[in-house]
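Accompanying notes for the structure given below.
The values are calculated or read from the model by the stated rules, or taken from the named source; none is laboratory data. Just so it is clear, the structure is predicted and the values come from calculations on it, not from any experiment. Every residue, glycine as well, gets a Cβ built from its backbone with ideal geometry; the counts of neighbours run over all protein chains shown.
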Amino acid sequence: MDNRGSNIVKPVFFPAGVADPDKRVAYIEDGAAGIEAFELNDSQSVWRSPIAARPVIVNNGRLAALRLVSEPPDRLQLVLLDTNDAGRLLQQSEPVTFPPQIVPSIVSGAAFQYSAVIEGNDVVLKWSAHMRYLGGAAPPSYVQSQTGVRHNGVVRINLVTGTVATSSSENPDEMQLPPPLETATVMTEPWCIGDELAVIVGEIAGDQQVLRLEKWNPSTAALRPPIRLINGEALVSYVTPDGRYLLIHSESQAFLPVSNDIPWWLFSVERGQQIARLKYERGAAEACVLDSFVYYIAAAAIKSVEIASGSVMWQHALSLKPVTPRPPLRQ
């Protein structure tokens, strides 16, 4: 994974994994069946690896994936596979350790989140997590004092040697809300969009819920004018992993449980405008937008939906025994 100078390579997000920079091949975690590579245009399988891991980034013919280490528990390990040789294992890193009471996961969620980029010969993981007490006898006072506190860290994993270096985050408060939003009803965690931060805020207007997009400069905390997105009942928001798109659907009883035509509104975060109205599929998870298509997981398959027409272009079956839970589309 050679990179010139200090260039940073970012992932192309895809449900359960990543796509290559050319957006031709997807690499996914398929539960107990391991990692699969398949063509994006028609979902035809290219190769499978028995390694159960979550692809996080691919570049120059090499795929980096994270897997859980069972002994000792609560550790992660990075594996490096050759995409041009049927996923042959090239390297595996030292185990990545985390502070006590933090439970890492290879799927980003509310309790543990991470992002991965390539810098030179390193994969850099930035993680954020809530300290959790998992029950049983009352913990020591120092554990109780840390419960609910968000912690951040940075892990650098060398792709040549597999060595691991850890440090605390340089900017632990970089996702802090600006003062005017501290008392607002926030519907999502703050996320990065370019050089700005964004969040979805909800309010009640009559008998309707109104969602608006708020953006601000993290250096000055100066807010841009809010953008009103949509109003309705029981609205659920989901931000795509790249932060560029927002999907909203309603869980109102007007749509559930009998209706099969639940609107799924797609917005551009950069422009603050609606792009399309699609059909929401119950249980949809891990949605991503690549060019003219939305990809998501539902009913044990990855599905490709053309944005312009709303048509399902293909479905790619997944293993029925996932090794990691897939959170629903809500934040």
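Points worth noting:
- With respect to being of a type outside the set (K, R), part of a loop (DSSP other than H, G, I, E, B), at negative phi and at pLDDT 95 or above, T161 fits the description.
- Condition check for P104: under 22 Å from the mean Cα position of the chain (by Cα), of a type outside the set (S, T, N, Q) and at pLDDT 95 or above: no
- Filter result for T83 (among the hydroxyl-bearing types (S, T, Y) and at pLDDT 95 or above): yes
- Hey, E36 more than 16 Å from the chain's Cα centre (by Cα), crowded, with 17+ Cβ neighbours inside 10 Å and either outside the structural domain of Y296 (by TED's automatic domain parsing) or not β-branched (V, I, T) (or both) or not: yes
- Test result for V46, surrounded by fewer than 17 Cβ atoms within 10 Å (Cβ to Cβ) and in contact with a Lys or Arg (Cβ under 6 Å, 6 or more places away or on another chain): no
- Filter result (among the hydroxyl-bearing types (S, T, Y) and within 20 Å of R244 (Cα to Cα)) within the stretch 277-315: Y280, S292, Y295, Y296, S304
- Candidate set: the stretch 10-32, residues that are among the small types (G, A, S) and at pLDDT 95 or above; chosen: the one farthest from the chain's Cα centre (by Cα): A26
- Beta carbons closer than 8 Å, at least 6 apart along the sequence or on distinct chains, pair a first residue in the stretch 229-252 that is not assigned by TED's automatic domain parsing to the domain that holds I57 and aromatic (F, W, Y) with a second that is crowded, with 22+ Cβ neighbours inside 10 Å and modelled with pLDDT under 95 for Y238/L329.
- Of all the residues in the stretch 69-125, those that are closer than 23 Å to W47 by Cβ and basic (K, R) number 1.
- Looking only at the stretch 183-237, and only at residues there that are in contact with a Lys or Arg (Cβ under 9 Å, 6 or more places away or on another chain) and acidic (D, E), the one that is farthest from A129 (Cα to Cα): E203
- Where a residue in the stretch 193-220 is more than 15 Å from L177 (Cβ to Cβ) and its partner, wherever it lies, is in a strand (DSSP E or B) and among the polar types (S, T, N, Q), with Cβ under 8 Å and at least six apart: E203/T185; E203/Q209; A205/N231; Q208/N231; Q209/N231; V210/N231; L211/N231; L211/S237
- Count - residues of the stretch 29-74 that are among the β-branched types (V, I, T) and over 21 Å from L159 (Cβ atoms): 1
- Number of residues in the stretch 172-202 that are surrounded by 13 or more Cβ atoms within 10 Å (Cβ to Cβ) and acidic (D, E): the value is 3.
- Here F293 passes the criteria (1) surrounded by 15 or more Cβ atoms within 10 Å (Cβ to Cβ); (2) touching a Phe, Trp or Tyr at 6+ places or on another chain (Cβ under 9 Å); (3) without any contact (Cβ under 8 Å) to a residue 24 or more places away in the chain except the one numbered (2).
- Any hit, the stretch 108-121, residues being of a type in the set (D, E), surrounded by fewer than 16 Cβ atoms within 10 Å (Cβ to Cβ), on the phi < 0 side of the Ramachandran plot and modelled with pLDDT of 95 or more: yes
- Strands (runs of 3 or more DSSP E) contained in the stretch 173-275 and holding at least 2 residues over 23 Å from P11 (Cα atoms): 196-205, 208-216, 227-232, 235-239, 245-250, 262-268
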